[in-house]
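What follows is one structure encoded as structure tokens, with my remarks underneath.
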Amino acid sequence: MKKSVVYLMFLMWTGIMSAQITELREARVGFDPQLPEITVSGNTYRIKIQEKYSGEFEKDPMAYLDKYCNIEAFIDLIQDENHIEYFVELKSTKGNMQAKYCREGNLKKVTCKLKNVLLPDDLREEVYRNYKGWTMVENIHVVKGRNGAIGEEYFKIKLENDGRIQNLKLKRNRMNGREIAGI
């Protein structure tokens, strides 16, 4: 019995000692920036930009365009004097955006169309308050602008209640709030 206790203590001691030995390996630290994928087809350049997180594009498409589309750097990179305008298209699972830039890199025209996005809080509350019992089936958010400023923004909303369908068009004016119009 005494031998088995000593033997057991010896096994525990060797187990503890072997657990204390740790081998360190070389650690590598690197920098891997996420560069956009550019494909060229004739005079068309397609730039593919990945979202950093899901919903980043839908949250604010104009801010996303400003943040990830450095058109001046792109124009300097290709250095082609034959191009008069540059077209940029951004795609997402919820929709897309088309932007047109002039030779100098100024935003001339932008159109964005997103499907089934979360309505802003004030619009969501107003639709709920004015259309009790109705269910929102789908919505489309449309933004149009010229010369770097948003000119028109609206939501097309399809509501359903007991087989009846109601279509709404909620226009948003960034300066004066919003106005609601039925379709």
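Sorting the segments 147-155, 58-66 by their residues' average number of neighbouring beta-carbon atoms within 10 angstrom, most packed first, yields 58-66, 147-155.
Rounded to the nearest 0.05, what FRET efficiency do D122 and I78 have when you use their Cβ-Cβ distance and R0 = 41 Å? It comes to 0.45.
For K3 and T39, FRET efficiency with R0 = 45 Å and r from the beta-carbon atoms, rounded to 0.05? It would help to have the intermediate numbers written out before the result.
Working: r = 76 Å, r/R0 = 1.70.
Once the sixth-power term is evaluated, E becomes 0.05.
Placing +1 on each Lys and Arg Cβ and -1 on each Asp and Glu Cβ, with no other charges, gives the range 74-131 a dipole about its Cα centre of roughly 340 debye.
Since only Y64, I38, I84 are under comparison, the one whose Cα sits farthest along the positive direction of the charge dipole of the range 34-111, derived from C-beta charges on Lys, Arg, Asp and Glu, is Y64.
Readers should treat all values here as calculations from the given coordinates under stated rules, not as data from a laboratory. Note that this is a predicted model, so its numbers are computed, not measured. Here Cβ is always computed from backbone atoms with ideal geometry, including for glycine, and neighbour counts include all displayed protein chains.
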